[in-house]
Amino acid sequence: MKSFYIWRKQLDNLKKIIRPGKVVIIYGARRTGKTTLVKKFLQEIKEPKIYLDGEDIFVQENLSSQSIVKLRDFIGKAKVVVVDEAHKIPNIGLNLKLIVDNIKDIKVVATGSASFDLVQKMGEPLTGRKFTLKLFPLAQMELSRHENPYEMQSNLEKRLVFGSYPEVVLSESNDERILYLKELINSYLLKDILEINGIRHSDKLIKILRLLSFQIGNEVSYSEIAAQVGINKKTVENYLDLLEKVFVIFKLEGFSRNLRKEVSKSKKYYFYDLGVRNAIINNFNLLDVRDDIGRLWENYIISERIKKQEYERMQVNNYFWRTYTQKEIDFIEERGGKLFAYEIKWDKEKVSFPKDFINIYPNARFEIINRENYLKFID
């Protein structure tokens, strides 16, 4: 496996927003590079600093003390404190509040794999005292720093089939990539969910993920999934919510201004990483023998756009649009009080946007995203 540091946009954002009296919380799925990012951050700063691993029993004991005297002694002279895997530490939110409220000029960074764990443990104690960043698998806007245009084009197929987890990108063979992705799912991604109290049906969770894998770009029916998996609708909703909170999937909701023709209650689900999706269905075939290239392309473009929105701190709401007569638009952005409508096509082809949408929203802007122009949309 190749070994070099890949530039991360969130490192730049971390440097911009970190300040005394605040905690910067970095969320992200396991193995997306949170530890690498914070260690790189520590290497580049000159202030006294300390790195603390939340899985270390000694760290857990000292950072859960709720005693400012003990906390001050433990941190020592450090002015920058990084707490990795912070959700492993009892009462971490309250203790970080004590630190930033009582130690002058202290700057704190905390990371965690599951957003709901950190939200629950840090939410109320750190109200008004935190900034949040999300870290995803490598974005094309990050990889572009290391690839020339030819390499970007030639690596596109790898992104669609194997995804862009850091170790996948740095692997030198497809066999290595497949082995890593299978291990990633079994040992890391699902572990976050299966560790949660009350999750009793791991096999059901896998079945739900497989069903979602084949429904990319389609509206999802909770009742239909429940019937196929053999659990109730509410459990399906809970499992999907958990899968979102550990950064495996994300959803788009239907856009509507409450017009009778528009579907507004439906949802579509996409994967943050296509390597994970393809590993779940055990399909690593290359593009020339696949029948799901359209779904892969739509997922890739939307997920990369989500990364760009997060990393560039864009204020935006995302949707899809459909009417009851089956007219639809793949992706809608609402930003700056304006609507931007996108159709996502693998091949360059002429596409007509639905007249219903144009008539209802005459000021909306329209664009087709294909292989010729996609980089400007996600880079």
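The values are calculated or read from the model by the stated rules, or taken from the named source; none is laboratory data. Worth saying up front: this structure is predicted, and the values here are computed from it rather than measured. A quick note on method: Cβ atoms are made from the backbone with ideal geometry, for glycine too, and the neighbour counts reach across all protein chains shown.
Annotations for the structure displayed:
- Helices (runs of 4 or more DSSP H) lying entirely in the stretch 140-196 (those with 1 or more residues that are among the small types (Gly, Ala, Ser)): 149-162
- Candidates are the residues of the stretch 357-379 that are of a type in the set (Val, Ile, Thr) and under 30 Å from residue 146 (Cα atoms); the one that is surrounded by the most Cβ atoms within 10 Å (Cβ to Cβ) is 369.
- If you go through the stretch 1-37 and pick out every residue that is within 14 Å of residue 131 (Cβ to Cβ) and β-branched (Val, Ile, Thr), you end up with 6.
- Test: residue 73 is within 20 Å of the chain's Cα centre (by Cα) and surrounded by fewer than 17 Cβ atoms within 10 Å (Cβ to Cβ): no
- When the residues of the stretch 216-234 are filtered to those that are assigned to a helix (DSSP H, G or I) and of a type in the set (A, V, I, L, M), the one that is surrounded by the fewest Cβ atoms within 10 Å (Cβ to Cβ) is 227.
- Selected residue (only one of 279, 227 is closer than 18 Å to residue 303 by Cα and either touching a Ser or Thr at 6+ places or on another chain (Cβ under 7 Å) or at pLDDT 95 or above (or both)): 279
- Applying the condition of being surrounded by fewer than 15 Cβ atoms within 10 Å (Cβ to Cβ) and basic (Lys, Arg) to the stretch 324-356 and asking which residue is nearest to the chain's Cα centre (by Cα) yields 335.
- The stretch 325-338: number of residues that are without any contact (Cβ under 8 Å) to a residue 12 or more places away in the chain and either among the polar types (S, T, N, Q) or touching a helix residue (DSSP H, G or I) at 6+ places or on another chain (Cβ under 9 Å) (or both): 1
- Cβ-Cβ contacts under 6 Å between residues 6 or more apart (or on different chains), taken from a first residue in the stretch 339-352 that is over 14 Å from residue 301 (Cβ atoms) and not assigned by TED's automatic domain parsing to the domain that holds residue 322 to a second residue that is in a strand (DSSP E or B) and not acidic (Asp, Glu), are absent.
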